[in-house]
Structure formats: C-alpha cells, structure tokens
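In what follows, a single structure is set out as structure tokens and then discussed.
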Amino acid sequence: MGKTVLVIAEQKDQKLRQVSLEALAAARQLAGDGGNIVSVLVGDNVDAAAQQLADHEQSQVVCVTADILVSYEAEHYFAAVQPVIDEVKPDIVILPHTASGRDLAPKIACHLDAGQISDVVAIEAVGEDVTFKRPIYAGKAFETKRFLTGPWVVTIRPNNLQADATNGAAAPIVKRTYTEPTPVRSQVVDVQRKSGDTRDLTEAKVVVSGGRGVRSADGFAPLAELAEVLDGALGASRAACDAGYCDYSLQIGQTGKVVTPDVYIACGISGAIQHLAGMSQSKLIIAINKDGEAPIFDIADYGVVGDLFEIVPKLTEKLRDKIAA
Ligand code: FAD
C-alpha cells in the first residue's frame, strides 16, 4: 500500500529552491504505488514558486502566505506547516537539509513523535525495505539507516538526489492564510546580507574555491571570473576567511557550508580534513596547488601542480573561448 508523503518545500527570495524538487523526487520514490504526495510552501508572495512546484506531479500543493513569513523563523514556519501536517497525517515528511530545514525538522519530528534521519544522500527502496545513506565523521564514512517505526522525518542534502523533469500534470494549489500563534514570541525585523552575491553556494553546480594560497582579497578576482564563466559560485577555505580575503559566508567545511557540486575547483587549498568535510562529496574535484604533495591531491580527480595565478586566468580564457565557439 502506498504512503502519504508531505514535502516541506523551500523558497529563497521568492524563488523555489532546486532541493525542493529533489525532495519531491524522493517523495515519489518513497510514496510507492497508490501513494499520496502533498507539498507545502511557506513564504510571502510565492505564487510563482508554488506554480513551479505544482508543475511537478503530486496530489496537491499547499501554499501558506503572510507578510511575516517573508524570512524563515522557526516559530512562524512551524505554526504555518503544523495545520497541514495535522490534516495530511503523513507517514513520511521530507525536508531539504538546509539551514532552515535542519532547524524545522526536529520540531516536526517532535510534533509527530517520529524518528528522524538527517542529511540523506541516497535512498534505496527494495519493496518495503527502505534504507537511507548519510555521511558520518565529517564525510569520512557513510552509514546506512532504516526506520523501525513510523512516522518518518527525513532531511535530504541538496544536489544529491536527481529531481524529476517537469511532466505537465499540474497539481492543484490550495492557498492558506497564516494564523499567527498567540502570543507571538519572536519576529524577524531585518535581514542584512553579508555579500552581494545571492547565488546559493550549497546548490551551485560549479564551485570555485580559494584558500590561503590566494593571498589577498584581490587574489580572489581571477577565481570570481572563472566562477562567472562557469556560471558557478565562489567558495573559500577557513584560512582564507580568517585572513580577511573574503566573507565567512563563503566558508566551506566542517564549520562552514557543505557543498556537493558537479565540479569543485580548489585553488590554493591544502586539503585539511576540516575543509574536506565540506566538499569531499563533490562529483568531480579539480585541485590547483603549487605543492605537489598537498593532501588535496589525494581526493582530487584532476590535479594541476602550479601557480594558481598563472593557471586560473588561462583556464578562464580557454573556457570563455570554448563557450563562445
Ligand atoms: P593552507 O593549509 O595554508 O594551504 C594553502 C595552500 O595554498 C598550500 O597547500 C599551498 O601550497 C597553496 N598555495 C600557496 N600559494 C599558491 C599559489 N600561488 N598557487 C597554488 N597554490 C598555492 N578549514 C576549512 O577550510 N573549513 C572549515 O570549516 C574548517 N573548520 C575548522 C574547524 C576546526 C575545529 C579547526 C581546528 C579547523 C578548521 N579549519 C577549517 C581549518 C583547517 O584545519 C585548515 O587550517 C584550513 O582548511 C587551511 O586552509 P587552506 O588550505 O586555505 O590553507
């Protein structure tokens, strides 16, 4: 018998995050024949994102909107999804393993008295037996887990599960007005972006990352150019952030962001274990380092031993020519 799966979709700046569609694909895998999939999207002025979500086949998209929901805030987002959870009574709830998904998932698990498996990178379903693969020890190993009882709450890591293509069978969108909890205990009054680049590092298909070897804030300029040519995002090691070469919002690693792009280009990064924790699951790793013994080469698929200030501009130029041709 099929299962009822609730996807807590996510938007950023009113745009649907790609990981929401990956969560929907996971829902399809888990719902099984005769299953029922409902998505819920919370925010302010998110009609276009809800429509994009609804363009992917499912039973229904519930859209909860209000001014106060413009930015993620645990109390309000939970209050927005709770009535939907109570109505849908899901067997499984799936959320993106993002900052807000990680925050919201345990609240939902607690509400449902459910177990939770987080940061899932692969799902294997053989009949009724469903197992979830997730990294442990900062990405040095994987564990495979299964639930013993329901309901299930699962968070999935962006860029790991394949989103399904749009299939034209648009689902109905049900709009809900948000009712604030009383008393309201907290509210986001202002959001100040640390960097002007709104590209989401965790969802980028290409990440060009700089380390201490970049030597200065200006040293990031050739990396930014390469990232632009590849339509990618800029990342950094902690040493580069600590040195003030770039903003901490770019930090990748154990105490920074976790990324799994199709291509990760590490420039002037030695490959410390704390950095690898944030990028070792990237599908293709290219390292540029002038020290041929640097540990980054142990995990790189392609390595270039040399000065990044010579190699990166040449690479950018070649790629620009190739794209233009
Ligand atoms: P370095 O180790 O100094 O390496 C610089 C590299 O640049 C060298 O390999 C050098 O050969 C190369 N180089 C220099 N000049 C050039 C050039 N012109 N061309 C090419 N190559 C050049 N680090 C993180 O990144 N993310 C984290 O989240 C993180 N969390 C941490 C948490 C804890 C608790 C601790 C203790 C540490 C953490 N660190 C983290 C720090 C980590 O241990 C390393 O210190 C850091 O990753 C080193 O950064 P790096 O590779 O840029 O610098």
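Answer with one residue from Ala165, Thr179, Leu30: the one whose Cα lies farthest towards the positive end of the charge dipole of the chain, charges on Cβ with Lys, Arg +1 and Asp, Glu -1.
Positive-end residue among those listed: Leu30.
Which value at 222 nm does the chain reach when only helices count, each DSSP H run of 4 or more adding -39,500 (n - 2.57), with the total divided by all residues and rounded to the nearest 500 deg cm²/dmol?
Calculated mean residue ellipticity at 222 nm is -8000 deg cm²/dmol.
Excluding Tyr178 itself, what net charge comes from residues whose Cβ is under 13 Å from its Cβ, given Lys and Arg +1 and Asp and Glu -1?
Its environment carries a net charge of -3.
Of the listed peptides 308-319, 205-216, 31-42, what is their order by residue-averaged count of other C-beta atoms within 10 Å, with the highest listed first?
Taking the mean over residues of other Cβ atoms within 10 Å, the ranking is 205-216, 31-42, 308-319.
Could you tell me the center-to-center distance, by alpha carbons, between region 130-167 and region 1-16 in angstrom?
With region 130-167 and region 1-16 each reduced to a Cα centre, they are spaced 15 Å.
Which whole-number percent is the relative contact order of region 244-297 (Cα, under 8 Å, 6+ apart)?
Worked out over region 244-297, it gives 37 percent.
Quick check: the angle from helix 74-88's long axis to the longest principal axis of the chain, C-alpha only, nearest 10 degrees?
50 degrees
By how many degrees, 0 to 90 and rounded to 10, does the Cα axis of helix 308-324 deviate from the longest principal axis of the chain?
For 308-324 against the chain, the angle is about 60 degrees.
Which one of Asp291, Asp231, Asp67 has the biggest mean-square fluctuation once the chain is modelled by GNM with Cα springs under 10 Å?
Asp67
With charges only on Cβ, +1 for K and R and -1 for D and E, what is the dipole size of region 173-238 about its Cα centre, in debye, rounded to 20?
Using Cβ point charges on Lys, Arg, Asp and Glu, region 173-238 gives about 320 debye.
Which lysines does Lys283 reach when only Cα atoms under 18 Å apart count, and residues fewer than 8 places away in its own chain are ignored?
Leaving aside lysines fewer than 8 places away in the same chain, those within reach of Lys283 are Lys133, Lys140, Lys205, Lys257.
Below 8 Å between Cα atoms, with a sequence gap of 6+, how large is the relative contact order for the chain in percent?
In percent, rounded to a whole number, it is 14.
What is the magnitude of the charge dipole of the chain about its Cα centre, with +1 placed on the Cβ of each Lys and Arg, -1 on the Cβ of each Asp and Glu, and no other charges, expressed in debye to the nearest 20? Please report the intermediate quantities before stating the final value.
Numbers: 31 positive and 42 negative charges, 76 e Å.
My answer is approximately 360 debye.
Out of region 113-214, which GluC sites (Glu not before Pro) are coil in DSSP terms and have no more than 16 other C-beta atoms within 10 Å?
Here the GluC sites (Glu not before Pro) that fit, given the DSSP loop and packing criteria, are Glu128.
Relative to the longest principal Cα axis of the chain, at what angle does helix 99-112 sit, 0 to 90 degrees, rounded to 10?
30 degrees
Divide the volume of the convex hull of the Cα atoms of the chain by its number of residues and quote the answer in cubic angstrom per residue.
149 Å³
In the neighborhood of Tyr77, defined by Cβ-to-Cβ distances under 11 Å, what is the net charge if each Lys or Arg adds +1 and each Asp or Glu adds -1?
My count for the surroundings of Tyr77 gives -3.
Let me know the shape class of region 1-120, please: from the alpha-carbon gyration tensor, a ≥ b ≥ c as square roots of the eigenvalues, rounded when a/c is under 1.5, otherwise prolate if a/b is greater than b/c, or oblate.
oblate
Net charge within 13 Å of Leu148 by Cβ-Cβ distance, Lys/Arg positive one each and Asp/Glu negative one each, not counting Leu148 itself?
Values: positive: Lys145, Arg146; negative: Glu128, Asp129.
My count for the surroundings of Leu148 gives 0.
Return a whole-number percent for the relative contact order of region 1-92, with Cα pairs under 8 Å and 6 or more residues apart as the contact set. Write out the running numbers ahead of the final one.
Numbers: 161 pairs, mean separation 30.5, N = 92.
Computed over region 1-92, the figure is 33 percent.
What shape does region 189-325 take by its C-alpha gyration tensor, where a ≥ b ≥ c are the square roots of the eigenvalues and a/c under 1.5 counts as rounded, a/b above b/c as prolate, and the rest as oblate? Show your work: numbers first, answer last.
Working: a/c = 1.42, a/b = 1.15, b/c = 1.24.
Since a/c stays below 1.5, the shape of region 189-325 is classed as rounded.
Here, each number is a calculation from the coordinates, and none is a lab measurement. All figures in this text were calculated on a predicted structure; none of them were measured in a lab. Virtual Cβ from ideal backbone geometry, glycine too; neighbours counted across all protein chains shown.
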